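Here the structure comes first, spelled out in structure tokens, and everything after it is commentary.
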């Protein structure tokens, strides 16, 4: 009986995920494509501006700290925690009304741009070790965060739409949803920090 219960819960979860994707596929595709374009733009921007002016570029984009490799991993953990917590709060506020929705999209897209920019700088400066750090550790985990941010924003917006139309709640409270995603992000942040410590990484991404 217990095995059937587990299978039933898995099937319900699978149905919920597929239904969410089907219902929101237009939003997912549009935000995903724009974010991908921003990511690629970040890569080409890093390549363009790295010719003889790396220090100036770091200063311009506010990422000089990870370039010099002097910031400890614990400090970076809490800086990343502050970064994604503030962004999730911004997305929560932007989900309340359709007029703020584009602001939330811009925030996500800009994060995608910074991801492409930063991992490219890491590879340019540190060569092979940069490839290991950026491609094998930072990129997949930060990409996972980016995907979760898109999902959170759409879920929060859907919640507000239903509540605005019918005056009723749709699932859990949007701020409780934000706290759940903060916990997920903190877990990913913890894993990233541990992997960077184990790999003796010289730089850690802040976006």
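Any residue that is at pLDDT 90 or above, within 15 Å of residue 181 (Cβ to Cβ), over 15 Å from the mean Cα position of the chain (by Cα) and crowded, with 16+ Cβ neighbours inside 10 Å - is there at least one of those in region 84-96? Checked region 84-96: at least one residue is at pLDDT 90 or above, within 15 Å of residue 181 (Cβ to Cβ), over 15 Å from the mean Cα position of the chain (by Cα) and crowded, with 16+ Cβ neighbours inside 10 Å. Residues in region 69-82 that are surrounded by fewer than 19 Cβ atoms within 10 Å (Cβ to Cβ) and closer than 25 Å to residue 36 by Cβ: there are none. The set of residues in region 117-140 being under 20 Å from residue 31 (Cβ atoms) and within 12 Å of the chain's Cα centre (by Cα) consists of 139, 140.
The values are calculated or read from the model by the stated rules, or taken from the named source; none is laboratory data. Note that the structure is predicted; figures quoted are calculated from it, not measured. FYI the Cβ positions are ideal-geometry reconstructions off the backbone, even for glycines, and counts take in every protein chain you see.
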